[in-house]
Amino acid sequence: MKSRRQRTNRLFTLLFLIICLLCGCIHRPDKPSVFPEGAYSRDQGASEDPEQYRVNAGKAQEDFEALCQTLFKNELSQSYLTLHYSLTDPESYGITDYSKTFGDFSLEAMKESEKEQEQLREDLAAINPKYLTDSQRLTYRILAKAMEYELLAEGLELYYQPLAPSTGVQAQLPILLTEFTFYRKEDVEDYLTLLSDIDSYYQQILDFEKEKAAAGLFMTDACVDEIVEECGAYLLPPDQNLMSSGFDRRVDAMEELTEEEKADFKARNLTVLAEHFIPAYERLLQGLTELKGSCTNEKGLCYDPEGKEYFEYLVKSSIGTTYDTMDDLKEAIEARINHDLLSIAQVLKDCPDVLDQMDQYGFAETEPEGILELLKKETARDFPEIVSYSYVTKFVPEELQQSLSPAFFLVPPMNLYDNCVIYINPGSSSGAQTLFTTLAHEGIPGHLYQNVYFLSNCDSNIRKILSFLGYSEGWASYVENYCYTVNNGLSPELGQILACNASATLGLHALMDLNINYYGWDEAQVGEYLKQYFDLEQSDVISTIYHVMKNDPSNYMAYYVGYLEIVTMRDRAQEILKDKFQIKEFHRFLLDIGPAPFTVIEPYFEAWVESYR
C-alpha cells in the first residue's frame, strides 16, 4: 500500500481536457428573470413627447430586426456546411441564394469580412438602443461588444490557425461530413456537390499557410508531423475509406430512395472521394510537409511580433472576460487554484480516511445511457426543466480515435434541436473512470442540456448562431465539476476532493497557457514551476503540457476563465443573498441570458442579484 503522501500527490496528475466540437449555435429566451426591474431600464427622457417616443421606438425596433435578419442570412450563406447544420429548411427562413461550397477561405476574404464588420458597426451605431425592447437591447449589446473585440484582430489575420492537431479543420471536417444528415433526396445531391469542393477549399487553406510561412508565422515541424500522422485514415482507398462506409449507412436508411438510386449515389460518392476528397488530403499534407522548416518561433505565441496582442484578442473575443488586464486575470486564476487546494487540504484534515477511497473508486453508473439517465435524475432539483428531446451516443470510428477528443457534442439544427448526438472516443487515454463527468460536460447538464434549453426558448434567430466559447465551455466545465458532488456513488468527501482537484487541474492548464503564450515561459520554466508547487518531475508530461499550450493558444483559457466567471458570480450571489440564494434560479439566470461575453452578462447579473434582495 502506498503512503498517504504518495496518494495525495497523485491527485494532481495533469489531465487533458475534452475539446468540444461546436459548429455554430446559440441564444437566449425573453424571460423576466433576465430583465429584473431596473436592469438597463429604458430612459424615455422627460423632454421627449410620448407619441414621438412611440414612433421612434417603432422605427428603431423595426430597423434592428431587419439588421439582425440580414446578418443572420449573410452569416449562414457563407458556408453550405454551416447552413445545413443550422437549418433543415433554409428556404423557410428566407435563405434561397447560397452556393453549395465550404466558403471562401483566403486572406482577401478575411479583409473583405473586416469591411463588412465596419459597416455593421455603423449600422448598429445608427440605432439608439434606448428605443429597443429588453430582448433586442441584449442582442444589441452582444453584437456591439463582439464587433469591439473583432477590431482587435484587424491586421493580425495571418495569426489565425486553421490547422492544428486534433482541433484543426483537417481533423474536425470529416466527422462533420460523416454526420451530415440526409433529410431528403436533394440533401444527398447537395452533399456530393459540397464534398466535391473540398479540394478547392483545402487548396485555399494551404495557400493561407504559405502566406503564414512567408510572414514567419508557420507552425512547428512537430505540429506538421502530428497532423500528417492523424490524417492517414483519410488517405485510404475510396471503398475502404471512413467517408464511404458512413455515407452508405445514411443512404441505406432513406426509405424514399429506390435501390437503383441508392446504388447510384454510392457509386458517385466513391468517384468524388477518389477525384476530390483523397487528393485534397494528399495535396494538403504534401504542401505542409514542403513547408517544414519555415517556423521561426518554437516558443509561445508572445514571441511572434504581435503575438501578445493576438493572444489578448483570442481571450477577449472568445470569453469577453470581466478582468481588465492579463495581470488581473492571472492573479484571479492563481487565487482560485489556491482556494481549491486549500479546500482539498481541509477535507483531508477533517476526514483523513477519504485517502483510502482514492486507490479504487467508481461511479454508480459506467455505461453511457445509464450515466445520462442518472445525471438527468440527479440534476433535476437544481436545474430548470427542458422540453422533450432525444439523444443518441455514438462511438468515434476506430480510424479516428487517435486524432479526436475523448468526447464531443454536435450542436443540432436550430429548428430541430430535439435530436442530439454525443460522440464518445473509446480509444481516448482518459479512460472509463472519467466517462461520468465527461458525459456531464457533453450531455446533461452540459452542452446538450444548455443548447436544448436555449434553442427551445429562443426568440432571436441571430442569437441562435452566435457562439461564445467562454460561455459554452465555461458552463460545461462548471456543471462537470458540479456533478462530482451529486448522488453518483462517491462519498461526499471524495466527490468534493475530486471536484476541487479537477478545478485546480483545469486552472493549472489555463495558467500555463497564459504563462507560455502571454508571459513567455519556456519549457524549463514550466518544469520548474510544476516541480516546485506540484512536485511533478515527469519530463514527458511537462513537455506535453508545454507543446499542447504552445500549439493551441488560449484554448484552455476559454474553458477555465469561462468557468471562473461563473463560479465567481455564484459565490458573489451566495455571499450577498445568503438564505435567499437559490442555486436553481442562478442556473436559470445563466441559461436564460445565454451565450454572451461576460462583460455583457455582468451588469445583468448585478441587477438579478438586486432583484432578490
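The values are calculated or read from the model by the stated rules, or taken from the named source; none is laboratory data. The shown structure was predicted, so the numbers you read here are calculated from the model rather than taken from an experiment. FYI the Cβ positions are ideal-geometry reconstructions off the backbone, even for glycines, and counts take in every protein chain you see. Keep in mind that these areas ignore ligands, DNA and RNA; they rest on the heavy atoms of the full protein, side chains included. Shrake-Rupley method; radii C 1.70, N 1.55, O 1.52, S 1.80 Å.
Only one entry of Ser92, Ser99 meets the criterion of being touching a helix residue (DSSP H, G or I) at 6+ places or on another chain (Cβ under 9 Å), among the polar types (S, T, N, Q) and open to solvent by 20 Å² or more (accessible area, probe 1.4 Å), and that entry is Ser99.
Exactly one residue among Glu602, Glu565 is charged (D, E, K, R) and open to solvent by 60 Å² or more (accessible area, probe 1.4 Å), and that residue is Glu602.
Restricting attention to the stretch 193-208, the residues that are in a helix (DSSP H, G or I) and either among the aliphatic types (A, V, I, L, M) or open to solvent by less than 40 Å² (accessible area, probe 1.4 Å) (or both) add up to 9.
Within the stretch 286-300, the set of residues being assigned to a helix (DSSP H, G or I) and either among the β-branched types (Val, Ile, Thr) or open to solvent by less than 10 Å² (accessible area, probe 1.4 Å) (or both) comprises Gly287, Leu288, Thr289.
Within this structure, Tyr563 passes the test of being hydroxyl-bearing (Ser, Thr, Tyr) and either in contact with a Ser or Thr (Cβ under 6 Å, 6 or more places away or on another chain) or outside any helix (DSSP H, G or I) (or both).
Could you list, in sequence order, all residues of the stretch 247-268 that are surrounded by fewer than 16 Cβ atoms within 10 Å (Cβ to Cβ) and assigned to a loop (DSSP other than H, G, I, E, B)? Matches in the stretch 247-268: Ala253, Glu255, Glu256, Thr258.
Looking only at the stretch 542-560, count how many residues are part of a helix (DSSP H, G or I), touching a residue at least 40 places away in the same chain (Cβ under 8 Å) and open to solvent by less than 40 Å² (accessible area, probe 1.4 Å). Going through the stretch 542-560 one residue at a time, the tally reaches 10. Counted as qualifying within the stretch 39-146 are the helices (runs of 4 or more DSSP H) with 2 or more residues that are in contact with a Lys or Arg (Cβ under 9 Å, 6 or more places away or on another chain), namely 50-77, 80-86. Annotation: of all residues in the stretch 108-125 being of a type in the set (A, V, I, L, M) and free of Cβ contacts under 8 Å to residues at least 12 places away in the same chain, the one that is nearest to Ala153 (Cα to Cα) is Ala109.
Conditions (1) within 21 Å of the chain's Cα centre (by Cα); (2) part of a loop (DSSP other than H, G, I, E, B), marked per residue:
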residue: Ile371; (1), (2): no, no
residue: Lys377; (1), (2): no, no
residue: Arg381; (1), (2): no, yes
residue: Val387; (1), (2): no, yes
residue: Val392; (1), (2): yes, no
residue: Gln402; (1), (2): yes, yes
residue: Pro412; (1), (2): yes, yes
residue: Thr434; (1), (2): yes, no
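Within the stretch 209-235, the set of residues being aliphatic (A, V, I, L, M), in contact with a helix residue (DSSP H, G or I) (Cβ under 7 Å, 6 or more places away or on another chain), part of a helix (DSSP H, G or I) and surrounded by 16 or more Cβ atoms within 10 Å (Cβ to Cβ) comprises Val224, Ile227, Val228, Ala233. Residues that are closer than 21 Å to Thr321 by Cα and not in a helix (DSSP H, G or I) within the stretch 447-488 comprise Ile465, Leu466, Ser467, Phe468, listed in sequence order. Scanning the stretch 62-73 turns up no residue that is in contact (Cβ under 8 Å) with a residue 40 or more places away in the chain and over 30 Å from Tyr131 (Cα atoms).
Listed conditions (1) surrounded by fewer than 22 Cβ atoms within 10 Å (Cβ to Cβ); (2) closer than 22 Å to Asp592 by Cβ; (3) β-branched (Val, Ile, Thr) are all met by Val396, apart from (2).
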